[in-house]
Structure formats: structure tokens, C-alpha cells
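Data first, discussion second: the structure below is written as C-alpha cells.
The values are calculated or read from the model by the stated rules, or taken from the named source; none is laboratory data. Only a predicted model underlies this, so the values are computations on that prediction, with no experimental measurement involved. Note that each Cβ is placed from the backbone with ideal geometry, even for glycine, and that neighbours are counted across all protein chains shown. We work out accessible area using only protein heavy atoms, side chains counted, and drop any ligands, DNA or RNA first. Shrake-Rupley method; radii C 1.70, N 1.55, O 1.52, S 1.80 Å.
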Amino acid sequence: MSFLEAINNKKCSLKHTSTIITFPDGRKVLDTGNKVTLLNENNYGYVVDDKPDLIPSCIIEKELYLGSQDAVHPVVIKQFQITHVLSLGIQVAMSRDITQKFLPCLDLPETNLIPIITESFDFIENCFLNQGKILIHCNAGVSRSSSIVIAYMYNEMRTI
């Protein structure tokens with residue numbers, strides 16, 4: 001018996017499975033092997049968060065905060081005494097007494113973060129030189145803003 005025949009024989013004895021495939025637009029299909037069925041079309045493909053995330057995470061004690069767009073709320077800005085806001089990919093209307101920088105940045109794996117990191121570092125350093133407190137945010141505070149904070153912290157550790 002050839003190797004190919006052995007694989008084909010073994011394939012016949014495998015347990016049948018079904019797979020749910022989620023597409024980037026949120027559509028889900030059930031693939032049973034012989035049939036593909038579209039599932040609930042009203043599914044987003046991600047967990048919908050309908051509660052505001054108003055508390056930013058303190059990364060550097062009383063200096064650098066990380067959060068979502070919800071954290072750019074006037075009450076939060078006042079409570080944490082934020083003086084600078086770095087917005088990545090999502091622009092938020094702010095009070096004029098807050099120094100703000102907006103950097104366009106798509107939340108995609110192929111986005112080149114190097115120029116964004118460079119420009120962010122300058123803004124962060126300017127904040128600290130002026131004894132300010134900075135909130136770095138994107139839409140959810142998970143990927144873009146976290147990437148900038150991690151890059152900044154890594155760079156700081158390398159210079160110690």
C-alpha cells in the first residue's frame with residue numbers, strides 16, 4: 001500500500017467535524033464539510049462593548065496613562081489631571097486647554113508603526129519636559145495605543 005493510499009484510508013476513519021468561520025465583516029458560516037450555511041447575519045464578529053471605559057490604566061505613576069476613546073471624557077481628564085492627549089486613529093474633540101496630537105493610524109496588521117512611534121515619542125517627551133501628564137488612546141485602548149506605550153517603555157528601558 002502506498003503512502004497516499006494509507007492517508008486516504010485513514011481519512012475515511014476520521015471523526016466528522018463542523019467549523020464556524022468568522023469573516024472580518026462579522027459574517028459567520030457553518031462549514032460541515034458537505035454544506036456551508038450562513039449563520040445569524042446580525043452578528044458583529046466581536047463582542048460589542050456598550051459600557052464606557054472611563055478609567056485609563058496608569059502606566060508610569062502619575063505621568064502616563066493608557067485608555068480607550070471613552071477615557072477622553074472631560075471628567076476623566078480633570079480627575080487624572082491630564083495635560084496632553086495623544087490620539088491614534090481616532091480624533092476626539094477636546095477642551096482648548098489640553099495639548100492634543102492626532103496621528104492617523106489604521107488598526108491593521110500591515111500598518112507601519114515606525115513613523116507613528118517616532119512622532120509619538122517626540123510628543124510624549126515634550127509632555128514630560130513640561131511636567132505634564134499624558135493619556136495615550138485609540139478606539140479601544142488595546143492595540144494601537146498599547147503598541148506605542150510598549151515601544152516607549154522599551155525605549156526608556158534601553159536607555160537606563
Test set (1) within 15 Å of the chain's Cα centre (by Cα); (2) more than 20 Å from Asn155 (Cα to Cα) - Gly26 fails condition number = (1)
key: Every residue from segment 1-18 that is more than 25 Å from Lys35 (Cβ to Cβ) and touching a residue at least 12 places away in the same chain (Cβ under 8 Å)   = none
request  = State which residue pairs qualify: first residue closer than 11 Å to Val142 by Cβ and open to solvent by 20 Å² or more (accessible area, probe 1.4 Å) and inside segment 66-77, second residue hydrophobic (A, V, I, L, M, F, W, C) and part of a helix (DSSP H, G or I) in any location, beta carbons under 6 Å apart, and separation of 6 or more residues or different chains.
outcome  = Leu66/Val149
query = So which strands (runs of 3 or more DSSP E) stay within segment 1-103 end to end and still have 2 or more residues that are modelled with pLDDT of 95 or more?
reply = 64-67, 84-88, 99-103
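Can you tell me which residue in segment 146-160 is farthest from Leu66 (Cα to Cα), limited to those that are of a type in the set (Ser, Thr, Tyr) and open to solvent by 60 Å² or more (accessible area, probe 1.4 Å)?
Thr159
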task = Give segment 109-142 a look and list any residue that's surrounded by fewer than 18 Cβ atoms within 10 Å (Cβ to Cβ) and hydroxyl-bearing (Ser, Thr, Tyr), or say none.
result = Thr111, Thr118
task = Could you list, in sequence order, all residues of segment 114-160 that are in contact with a Ser or Thr (Cβ under 7 Å, 6 or more places away or on another chain) and not in a helix (DSSP H, G or I)?
result = Gly132, Lys133, Ile136, His137, Cys138, Asn139, Ala140, Gly141
task = Name the one entry in Gln100, Gln81 that is exposed (fewer than 11 other Cβ atoms within 10 Å of the Cβ) and closer than 21 Å to Glu125 by Cβ.
result = Gln81
